[in-house]
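Colleague: Provided herewith is a single structure, encoded as structure tokens, for subsequent inquiry.
The values are calculated or read from the model by the stated rules, or taken from the named source; none is laboratory data. On a predicted model such as this, the values are computed, not experimentally measured, just so you know. Methodologically, a virtual Cβ is constructed for each residue, glycine included, from the backbone with ideal geometry; neighbour enumeration extends over all protein chains shown. Accessible surface is based on the protein model in full, side chains and every heavy atom, while ligands, DNA and RNA are left aside. Shrake-Rupley method; radii C 1.70, N 1.55, O 1.52, S 1.80 Å.
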Amino acid sequence: MQLYNLDTKVTDKSYKILNNCIEEQRALDSTRIGEIRAKCRSILEKNGIYEDKKNGIVYQNMENELKKLEKNIAFFNENNFEEMTKNKIDASIENITAKIECLEQKSDFIYSDEKYTFNRAYNENAIRNMLFNYFETYKANTIELLLKRGYSQNTLDNIEDDILEYSTSKNSDILTEKFTQDGFKSISSLKVSLDELSSNILNEAEARFNCQLSGTVYDELKEKRDLVKNKAAKVKELIYQINSIDLKAGEFKEKSIFVEDINKAY
């Protein structure tokens, strides 16, 4: 029995969740790239290389390489997200089919969960390599451009040493960990959202099945209305609690003033 193309529904909603996750991850990546930009600029400025007419191309080259880095990291993360989403969709569709068969046969349904393991070591190593490649390219291009502009060998050596020191220091390890942790948090959040969607679709499958058996029409908006009602009730209760606190605070203040007036009278 097919119930209102629930397989299509879970697929469409899963990809909406995926797209939201990707947008949120891009915002995180942009923040981390900003940290790298700030460090690269500080190295240049420390050595007297400012963003002016003479050195504008040096800074532009840095921005071009940062865009490549951001794109590579985004592509890497999105592959992880898409892999999980596809696996979750397949598992959800299998569960929907199994759920309907169990309802028809009046047998117990066993939820089949798709297991996904975040390979931290692999992800961390991939991010570290991308960062290392960025700094190597940035260093080589910067030195070449500054050499053409007649800067002294001492300045070039200082810049090269500063870039190398940062890219191989504990600070670079911390930056790698930040990128890795961002990806882990995002994929964990994605998993939770997809699992919740799968559970909701299974509940809908059962509700539709029962409606079909009883000859009634399934009200797809009932769940949304109930959710709104529950939220409204919680807000109302919260407002009541706040008002109660304010009332008690007012009563306490009045009593304090009354006691203070009595003390003054004596």
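The rows are residues; the columns are (1) in contact with a helix residue (DSSP H, G or I) (Cβ under 6 Å, 6 or more places away or on another chain); (2) part of a helix (DSSP H, G or I); (3) at pLDDT 85 or above; (4) open to solvent by less than 90 Å² (accessible area, probe 1.4 Å).
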residue: S198; (1), (2), (3), (4): yes, yes, yes, yes
residue: E204; (1), (2), (3), (4): no, yes, yes, yes
residue: A207; (1), (2), (3), (4): no, yes, yes, yes
residue: N210; (1), (2), (3), (4): no, yes, yes, yes
residue: Y218; (1), (2), (3), (4): yes, no, no, yes
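Colleague: Does the stretch 171-196 hold any residues that are among the acidic types (D, E) and either farther than 20 Å from I110 by Cβ or not in a helix (DSSP H, G or I) (or both), and which are they? So that I can check it myself, show each step before the final result.
Modeller: If we filter the stretch 171-196 for residues that are among the acidic types (D, E), which is where we start, we get 173, 177, 182, 195-196.
Residues satisfying the conditions are D173, E177, D182.
Colleague: With respect to K224, determine if the residue is closer than 30 Å to E24 by Cα, modelled with pLDDT under 80 and part of a helix (DSSP H, G or I).
Modeller: Yes, satisfied.
Colleague: If you don't mind, another one. Which residues, taken from the stretch 85-118, are outside any helix (DSSP H, G or I) and either open to solvent by 80 Å² or more (accessible area, probe 1.4 Å) or at pLDDT below 90 (or both)? Talk me through it step by step, then tell me what you get.
Modeller: From the stretch 85-118, those outside any helix (DSSP H, G or I) are 106-118; that's our starting set.
Scanning the stretch 85-118 gives K106, D108, I110, Y111, S112, D113, E114, K115, Y116, T117, F118.
Colleague: Which of (1) touching an Asp or Glu at 6+ places or on another chain (Cβ under 9 Å); (2) of a type outside the set (D, E, K, R); (3) more than 30 Å from I201 (Cα to Cα) is the odd one out, the single condition Q25 does not satisfy?
Modeller: So the condition that Q25 fails would be (3).
Colleague: Of all residues in the stretch 130-153, which are open to solvent by 70 Å² or more (accessible area, probe 1.4 Å) and either touching a residue at least 40 places away in the same chain (Cβ under 8 Å) or farther than 20 Å from N55 by Cα (or both)?
Modeller: Looking only at the stretch 130-153, we keep the residues that are open to solvent by 70 Å² or more (accessible area, probe 1.4 Å), and these are 132-133, 144, 147-149, 153.
F132, N133, R149, listed by residue number.
Colleague: Just for the stretch 119-129: of the residues that are within 28 Å of K16 (Cβ to Cβ) and open to solvent by less than 70 Å² (accessible area, probe 1.4 Å), which one is farthest from the chain's Cα centre (by Cα)?
Modeller: A126
Colleague: Exactly one of these conditions fails for L156: (1) in a helix (DSSP H, G or I); (2) touching a residue at least 60 places away in the same chain (Cβ under 8 Å); (3) open to solvent by less than 70 Å² (accessible area, probe 1.4 Å). Give me its number.
Modeller: With (1) in a helix (DSSP H, G or I); (2) touching a residue at least 60 places away in the same chain (Cβ under 8 Å); (3) open to solvent by less than 70 Å² (accessible area, probe 1.4 Å) applied to L156, the lone miss is (2).
Colleague: Can you tell me which residues in the stretch 161-188 are open to solvent by 60 Å² or more (accessible area, probe 1.4 Å) and of a type in the set (S, T, Y)?
Modeller: T168
Colleague: Among the residues of the stretch 33-43, are any out of contact with any Pro (no Cβ under 6 Å at 6 or more places or on another chain), buried (at least 18 other Cβ atoms within 10 Å of the Cβ) and closer than 30 Å to L213 by Cα?
Modeller: no
Colleague: Which of the following residues is under 27 Å from K39 (Cβ atoms) and among the hydrophobic types (A, V, I, L, M, F, W, C): A74, A98?
Modeller: Working: A98 fails: under 27 Å from K39 (Cβ atoms).
Of A74, A98, the one residue that is under 27 Å from K39 (Cβ atoms) and among the hydrophobic types (A, V, I, L, M, F, W, C) is A74.
Colleague: Determine the pairs where a residue that is without any contact (Cβ under 8 Å) to a residue 60 or more places away in the chain, located within the stretch 100-112, has a partner that is open to solvent by 60 Å² or more (accessible area, probe 1.4 Å) and not in a helix (DSSP H, G or I) with Cβ atoms under 7 Å apart, the partner being 6 or more residues away or on another chain.
Modeller: Going by the 7 Å Cβ cut-off, the qualifying pairs are C102/D108.
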